[in-house]
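Heads up: the structure comes next, in structure tokens.
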Amino acid sequence: MNTDYFEDYSAGWSRDSIRLMPTASETAKRLFFYIQECGYFKTDASYYTERANLNSFLVIFTISGSGILHYQGEIYRLTPGYACLINCNERHFYQCAPDSRWEFLWMHFNGTHALGYYEEFVKNGFHLLQCQDTCSMELTLRRIVAIHQKTDVTTELISSQLITNVLTEFLTDTCTFSQTTFVLPTTVLETKRYIDKHFREPLSLDLLAGQQHISKYHLAHEFKKYVGMPVNEYIIRARLSYAKELLRFSKLSVNEIADQIGMNQSSYFIRIFKERESMTPNQFRRQWTVDNQN
């Protein structure tokens, strides 16, 4: 597999277009989201860009006209009010739609958590973002461009905040996209409700599947698909959430709390709690007791 950087483009943009290529500080690279390139383009039908193997992420927001994006084997039309988020390590091609003009804002960015944000966005499949507040998205991207035209000591910090705002818009849409794409099956919904009510009791996949009259393999698959975690993990989280409440607001011992939440072996409870919270139940209790006294 060829991993060399590749780029080909036609500079079919207007004279009043803007293209900025700031150099991020080491602090920004270590701590923040940071801009690698950003700008505002007015393009004609000759404009295109093809790229691969670039360590960067790209957001494009269409203001007017339309563009065409080829990405991950699919073709998408970029129309006003829509935005896309691309991993530039993957091969992609975008162009002004034929017989059209395309006006858009864009930013290449990176950061320690950039890949994690992207992977969260595409966890249910790549899709375009239909911005609920197009003015806000446009103003945010215009502000990113503006602060990099005239830099000062706050530029990188403010830019990171603005990039986070843009990415939050994408992740919020992912939640909505998931809900509209997948209707939660009744079997999964009823299983969740039963666990929420009976997590302190002995529970097993066989028991839960039997209540829904389906195989445990089917329930396990559907539950993870729609809830995002295995059944057993959902049960553990419900029990640990209640355990933290008891540790903070009751005088019960760790052994008694283990019994209360359905983990009859305190050693198992302590081990699972430490794995999830990076501290023992007693350490958690002491921390929150101190906090409550302040």
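The values are calculated or read from the model by the stated rules, or taken from the named source; none is laboratory data. Predicted, not measured: the structure shown is a model, and the values here were computed from it. Neighbour counts run over all protein chains shown; Cβ positions are idealised from the backbone, glycine included.
Overview of results
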quantity	calculated
Verdict on Cys96 being under 24 Å from Thr168 (Cβ atoms), hydrophobic (A, V, I, L, M, F, W, C) and crowded, with 19+ Cβ neighbours inside 10 Å	no
Condition check for Leu167: modelled with pLDDT of 95 or more, more than 19 Å from the chain's Cα centre (by Cα) and over 17 Å from Ser25 (Cβ atoms)	no
Selection count, region 138-165, where residues are of a type in the set (A, V, I, L, M) and out of contact with any strand residue (DSSP E or B) (no Cβ under 6 Å at 6 or more places or on another chain)	7
Residue in region 1-36 that is surrounded by the fewest Cβ atoms within 10 Å (Cβ to Cβ), counting only those that are under 22 Å from the mean Cα position of the chain (by Cα) and assigned to a strand (DSSP E or B)	Gln36
Extreme residue, farthest from Ile60 (Cα to Cα), among residues of region 147-156 that are loosely packed, with under 14 Cβ neighbours inside 10 Å and not charged (D, E, K, R)	Val153
Candidate set from region 129-169 (those that are part of a helix (DSSP H, G or I) and of a type in the set (Lys, Arg)); member that is nearest to Arg77 (Cα to Cα)	Arg142
Residue within region 163-176 that is out of contact with any Asp or Glu (no Cβ under 9 Å at 6 or more places or on another chain), more than 22 Å from Gly111 (Cβ to Cβ) and not β-branched (Val, Ile, Thr) present	no
Tally of residues being part of a strand (DSSP E or B) and surrounded by fewer than 19 Cβ atoms within 10 Å (Cβ to Cβ) across region 50-64	4
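Residues checked against (1) among the hydrophobic types (A, V, I, L, M, F, W, C); (2) surrounded by 14 or more Cβ atoms within 10 Å (Cβ to Cβ); (3) under 21 Å from Leu184 (Cβ atoms):
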{"position": "His198", "(1), (2), (3)": "no, yes, yes"}
{"position": "His218", "(1), (2), (3)": "no, no, yes"}
{"position": "Lys244", "(1), (2), (3)": "no, yes, no"}
{"position": "Val254", "(1), (2), (3)": "yes, yes, no"}
{"position": "Ile257", "(1), (2), (3)": "yes, yes, no"}
{"position": "Ser266", "(1), (2), (3)": "no, yes, no"}
